[in-house]
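For reference, the structure discussed in these notes is given below.
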Amino acid sequence: MLQGVNRKIGLILALLSIGYLYMSYQLPTYPYIPVDADAVPKTLGWVLLVLSVALFFSKDSDSEEQKAKRRIPKKDVKALLGVGALLLIYIMLFETLGFIIMTVLFVYFCSWFLGYKNHIVNAIVSIVFPIALYSIFVFMLQIKLPQGILPF
Amino acid sequence: MKKLLALLIFVLMFLAACGGENTSSNNDNANDEDTEENSGEDNDEWALSESIEIVAPAGAGGGWDTTARMSAQVLTEESLIDQDIGVVNKEGAGGAIGWAYMAEQEGSNHNLFVSSSPILLVPLNGQSEYGHEDFTPIANVIADYGAFAVAKDAKWDNLNELFEDMKEDPQSVTIVGTSAPGSMDHIQFVRFAKAAGVDITKIKYVSAPDAGGVTQVLNGSADVFSTGVAEVAEQVRADKLKVLAVTSEERLDGEVLSTFPTAKEQGIDETFVNWRGFFGPKDMDPAAVEYYENKFKELSDSEAFAEVRANYGWNEMYMGNEEYKQFLDEEKENLKSILEELGLLE
Amino acid sequence: MGAIEGILTGFEVAFSWEGILFVLLGVFVGTFIGMLPGLGPISAIAIMIPITYGMDPTLALVMMAGVYYGAVFGGSTSSILLNAPGISGTVASSFDGYPMAQQGKAGKALAIAAISSFAGGTISVVLLMIFAPMLASVAISFGPPAYFALMLLGLTAIASLSEGSTIKALISAVVGFMIATIGIDPQTGTGRFTFGSMNLLDGIDFLVIALGLFAIAEVCYLVMNRHKTAAGSGKEIGSLKLSKDDAKEMSGPVGRQSLLGFILGILPGAGATIASFISYIAEKRIAKKPEEFGKGSVKGLAAPEASNNAATSGAFVPLLSLGIPGSGTTAVMLGAFLVLGLQPGPMLMGDRPEVFWGIIASMYIGNIFLLVLNLPLIPYIARILTIPRPLLISLVLMFSLIGVYAISFSVFDLYLLLAFGVIGFLMRMFAFPAPPFILAFILGGMMEKSFRQSMTISNGSISILFENNISLVLIILSVLSFAFPIANSIWSKKKAG
């Protein structure tokens with residue numbers, strides 16, 4: 001029953017639209033306002049529901065090229081998840097450890113993780129760029145970025 | 001490798017060039033730090049021991065941001081405060097993001113923020129956990145007044161004529177303002193309409209951000225523009241709009257401004273002031289509160305700040321800690337009853 | 001002839017050596033700010049206000065104006081090279097600029113962007129100078145019904161924005177529109193779909209979505225192809241050479257879209273971002289080979305670039321001649337006027353002609369400076385693409401992260417960026433086009449606002465949309481632009497059958 005990509009996506013989108021519709025119907029309404037806050041969301045929810053049903057019943061018409069895009073080699077999946085994990089760590093510690101430390105570490109380890117072997121260039125770039133950007137924002141433009149545990 | 005080097009040099013060039021133009025302001029800072037060390041020592045009372053951060057709970061360029069930046073500028077330039085004063089924008093959710101941030105600074109003596117009427121209205125609308133009760137009011141410094149403007153060829157010449165029509169059919173008149181219903185532009189109009197006896201639940205209010213309000217009144221889409229006095233003064237001078245009433249107690253000063261009638265003189269006993277002042281976090285050291293209170297008094301009395309006020313069309317309105325607190329409590333009760341009647345209270 | 005005298009005083013101010021110096025300073029800072037992630041002209045000008053306090057007002061304003069259009073000029077660089085727009089006005093430039101750069105023609109793409117921007121900027125200044133006093137009435141001619149019709153016209157083009165499945169394009173658009181409904185509803189003050197989170201009360205920033213869907217999603221593909229190097233050698237990448245054909249191809253869109261962008265820029269609330277999108281769509285609609293759009297078309301890059309710069313000059317019309325700031329940036333400029341002791345409005349032209357015309361005249365020089373500053377740098381900037389992929393990926397990620405953080409200073413938005421990156425990656429994988437998503441996000445919000453404003457004004461009567469000439473014409477155009485492709489396809493099928 002659920003063969004074909006369109007069917008799966010159609011189903012997911014239908015669930016999404018039902019969730020969105022449910023929330024739209026919870027919105028408060030006010031007297032004396034001709035088109036209330038819930039009107040547009042309700043319309044959008046129903047339209048998406050109709051479209052997802054249409055997608056469900058439409059034939060898969062993807063080209064070979066498009067199908068190839070979906071086949072990600074295992075090695076690349078690992079790389080993507082790795083970069084994702086690095087990003088998550090970056091965001092989580094960004095305000096605690098501060099912009100400079102986190103960005104230097106991020107640029108260095110992300111490049112290294114992705115296979116950049118020239119450690120000297122990598123170190124220079126990952127130190128110079130974040131510090132340069134930090135100085136521009138904080139000292140020149142007086143826009144505060146998280147300083148974290150560093151004294152400046 | 002060579003290319004990379006070229007790139008780096010390019011970036012550094014940019015930095016050097018940009019750094020150059022700002023050296024003057026950096027030097028200023030350096031000088032400030034020197035003087036600060038001297039004055040810090042011979043002071044027995046509570047004194048600043050680190051730099052101050054003033055939060056503007058809004059984006060760059062708005063009323064809160066300009067108040068914060070211009071105050072910081074005058075405080076520094078007039079050497080009223082010798083520490084560095086940094087202005088930080090905590091934008092979002094009509095101020096709630098900034099207030100939440102300030103709530104985390106509980107007990108700090110070096111974090112201040114700017115606020116005005118929204119700190120009463122936004123919590124009442126249910127969009128902020130924190131209201132003025134959760135902070136320490138330090139001093140009010142500025143007052144703005146509202147104005148109700150209509151196109152110059154509109155059929156109403158004064159506020160009473162407008163309200164007479166609205167008493168007959170509130171739905172026949174469209175009010176436009178910049179902010180959402182339940183916020184300042186809306187509430188200031190409702191207050192006067194209520195005092196005049198209009199059914200305020202039926203008032204038709206359109207919110208038009210991005211200066212849409214004045215456009216809509218000029219092209220006839222909406223009838224009445226409820227806004228701040230400064231926003232319409234120039235249009236009146238150019239004979240495009242006329243002001244039916246301002247919300248102040250007495251007429252304002254200024255060539256154009258003094259021609260605007262108050263609602264009071266038209267027999268509607270109501271006023272509305274958009275006050276703006278400084279707050280500290282909860283549990284601020286009373287000695288620090290007193291220190292800032294005095295500094296803001298000096299700021300408010302200074303000539304430099306008088307010039308700033310004149311440029312922006314702000315009015316002087318100083319209130320110290322105690323008086324401010326009481327004023328805020330009363331104002332909140334007042335607003336609460338109006339929002340309740342409008343069905344906007346959360 | 002007061003106006004001509006005024007114009008002459010304006011030129012005198014702009015061509016004095018101080019005038020030239022401050023214009024140069026302004027456009028330089030502007031280009032730089034535009035290239036920096038997250039920083040737009042708004043923050044740049046707001047920061048400058050206290051610094052310019054006490055300066056000669058005309059010079060200060062000439063400089064700030066330079067920052068404004070300089071930022072729009074410089075913002076296209078990262079859109080084209082990294083698919084990571086630095087400011088919202090240049091998101092549309094990435095549609096064709098990035099593919100072109102990926103084909104090893106980065107220098108060419110940057111040159112097209114620079115020349116189109118220059119032309120758009122200059123053409124619009126000419127228009128501004130000739131028509132400024134008259135254009136004031138254009139700025140206020142659009143009521144809510146007309147805005148609604150304009151946004152509707154923009155949205156009807158969604159199906160034409162992408163090839164492939166129409167259903168998928170429509171789904172993208174509807175979801176984009178749904179994202180636009182998140183946040184406080186301005187007409188009632190209700191928070192919608194905020195899940196009780198304060199961070200969502202203001203809705204999601206356009207740049208968070210653009211950087212997520214475009215830059216982060218693209219990074220995913222770069223990660224998968226990290227061992228390949230960019231197409232073309234260093235020399236080729238930096239080459240600015242435009243063929244005669246390129247020049248010919250550019251001239252049409254640049255001319256047309258400068259005009260359209262200028263008019264859209266005049267309308268308060270529309271601005272450079274919406275102008276660039278509408279120009280892109282318009283150019284695609286009339287193109288002989290619309291299938292080339294999105295794959296590195298010269299026209300597809302020239303159109304939004306000419307348009308966003310023209311819109312920037314257009315935005316000065318309501319500000320200078322009416323005192324109405326139609327956008328965030330011009331609102332901050334209005335603040336700058338006030339600090340400097342000036343009141344922009346209908347009286348400015350008569351009271352202070354040297355300010356009014358000085359700012360306009362300075363834009364000629366500013367645009368020339370921008371071109372002269374930017375062209376020689378292109379070969380160097382374009383070589384960013386020859387940086388080894390792993391390093392480039394890290395730097396693009398860094399750029400996007402700072403860009404988003406500098407908008408709201410909230411870590412929450414960084415998570416959102418990541419989420420939109422994942423959505424963008426999945427959308428590509430399953431062939432859901434991103435441009436309709438982003439278009440519906442930006443136009444949808446305005447469409448809802450103006451529709452509901454209209455309905456409140458008319459007490460719920462839909463006829464208000466057809467009573468106004470502008471909205472009537474625009475609605476008819478929308479219907480045609482929606483019906484024509486459908487009718488066309490039915491007709492051609494019949495013919496074939």
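Whole-Hz ³J(HN,Hα) for each residue in region C:467-482, computed from phi via Karplus 6.51 cos²θ - 1.76 cosθ + 1.60 with θ = phi - 60°, x for glycine and proline: what do you get?
Once θ is set to phi - 60°, the couplings for region C:467-482 become 7, 9, 4, 4, 5, 4, 4, 5, 5, 4, 4, 4, 4, 4, 5, 7 Hz.
Once you sort the root eigenvalues of the Cα gyration tensor of region B:145-271 as a ≥ b ≥ c, which label holds: rounded (a/c under 1.5), prolate (a/b larger than b/c) or oblate (the other case)?
Verdict is rounded for region B:145-271.
For region C:9-61, report the translational diffusion coefficient in µm²/s to the nearest whole number, using Stokes-Einstein at 37 °C, 0.692 mPa s, and a Kirkwood Rh over Cα pairs.
274 µm²/s
Can you give the % of DSSP beta bridges in the protein assembly as shown that are antiparallel, to the nearest 5?
65 percent
Based on a Kirkwood Rh over C-alpha pairs, give the Stokes-Einstein translational diffusion coefficient of region C:97-187 at 25 °C and viscosity 0.890 mPa s in µm²/s.
140 µm²/s
Please compute the Cα-Cα pair-distance distribution of region A:74-140 with 5 Å bins starting at 0, giving whole percents from short to long.
For region A:74-140, the pair-distance distribution reads 3, 17, 23, 22, 19, 10, 4, 1, 0, 0.
To make sure I understand, if each residue's beta carbon is the centre and we count other beta carbons within 10 Å, what order do B:K240, C:K241, A:K74, B:K332 fall in, fewest to most?
By the 10 Å Cβ count, ascending, the order reads A:K74, C:K241, B:K332, B:K240.
Report the Rg/Rh value for chain B, based on alpha-carbon coordinates and the Kirkwood definition of Rh.
1.04
Enter the per residue convex hull volume of chain A, computed from alpha-carbon coordinates, in Å³ rounded to the nearest integer.
230 Å³
Could you tell me the convex hull volume per residue, in Å³, taken over the Cα atoms of region C:235-311?
91 Å³
With the alpha-carbon atoms as the only input, what is the per residue convex hull volume for region C:340-497 in Å³?
Taking only Cα atoms, region C:340-497 has a hull volume of 342 Å³ per residue.
Counting only other chains, and only Cβ atoms inside 10 Å, what mean value do you get across the residues of C:174-186?
Mean shielding count: 6.
Using only Cα atoms, figure out Rg for the protein assembly as shown and give it as a multiple of 2.2 N^0.38 Å.
So the Cα radius of gyration is 0.92 times the expected 2.2 N^0.38 Å.
If you count the DSSP beta bridges with both ends in region B:145-271, what percent of them are antiparallel, to the nearest 5?
Roughly 60 percent of the beta bridges in region B:145-271 run antiparallel, per DSSP.
Please work out, to two decimal places, the log10 of the ratio I(q)/I(0) at q = 0.15, 0.17, 0.20 Å⁻¹ from a Debye calculation in which every Cα of region C:32-179 carries one identical scatterer.
-1.10, -1.24, -1.28
Between region A:1-47 and region B:132-187, what is the C-alpha centre distance in whole Å?
Result: 36 Å between the Cα centres.
For region B:78-123 and region C:382-412, what is the centre-to-centre distance using only Cα atoms, to the nearest Å?
Taking the Cα centre of each part, region B:78-123 and region C:382-412 sit 30 Å apart.
Calculate the translational D of region A:5-70 in whole µm² s⁻¹ from Stokes-Einstein, where the hydrodynamic radius comes from the Kirkwood formula applied to all Cα pairs, the temperature is 4 °C and the viscosity 1.567 mPa s.
95 µm²/s
Once you have the alpha carbon radius of gyration of region C:156-227, what is it after dividing by 2.2 N^0.38 Å, with N set to its residue count?
Ratio of Cα Rg to 2.2 N^0.38 Å: 1.42.
Expressed as a fraction of 2.2 N^0.38 Å, the rule-of-thumb size for a compact globular protein of N residues, what is the C-alpha radius of gyration of region B:122-168?
After normalising by residue count via 2.2 N^0.38 Å, the value is 1.95.
Could you tell me which residue out of C:I204, C:L395, C:Y69 lies farthest along the dipole of region C:2-496 toward its positive end? Charges go on the beta carbon: Lys and Arg +1, Asp and Glu -1, centred on the Cα centre.
C:L395
In this model, which of A:K8/A:K75; A:K74/C:K299; A:K69/C:K284; B:K155/C:K449; A:K67/C:K289; C:K108/C:K288 are farther than 31 Å apart at the alpha-carbon?
Over 31 Å Cα-Cα: A:K74/C:K299.
Let me spell out the model: positive unit charges on the Cβ of Lys and Arg, negative unit charges on the Cβ of Asp and Glu, origin at the Cα centre of region B:133-254. What dipole size does that give, in debye rounded to 20?
Taking the Cα centre of region B:133-254 as origin, the dipole is about 220 debye.
Which three semi-axes in whole Å describe the equivalent ellipsoid of region B:195-346, each the square root of 5 times a Cα gyration tensor eigenvalue, listed largest first?
Semi-axes (√(5λ), whole Å): 31, 23, 15.
In a solvent-free Debye calculation with one equal scatterer on each Cα, what is log10 I(q)/I(0) for chain C at q = 0.06, 0.10, 0.11 Å⁻¹, listed in the order of the q values?
Log10 I(q)/I(0), no solvent term: -0.26, -0.75, -0.91.
Charges only on Cβ, +1 for Lys and Arg, -1 for Asp and Glu: so what's the dipole of the protein assembly as shown about the Cα centre, in debye to the nearest 20?
Result for the protein assembly as shown is approximately 7840 debye, rounded to the nearest 20.
How shielded is C:451-464 by partner chains, expressed as the average number of their Cβ atoms within 10 Å of its Cβ atoms?
Neighbouring Cβ atoms belonging to other protein chains average 5 per residue here.
Every number here is computed from the coordinates shown, using simple stated rules; none is lab data. What you are looking at is a predicted structure, and each value in this text was computed from that prediction instead of being measured. Backbone-built Cβ (ideal geometry, glycine too); neighbour counts: all protein chains shown.
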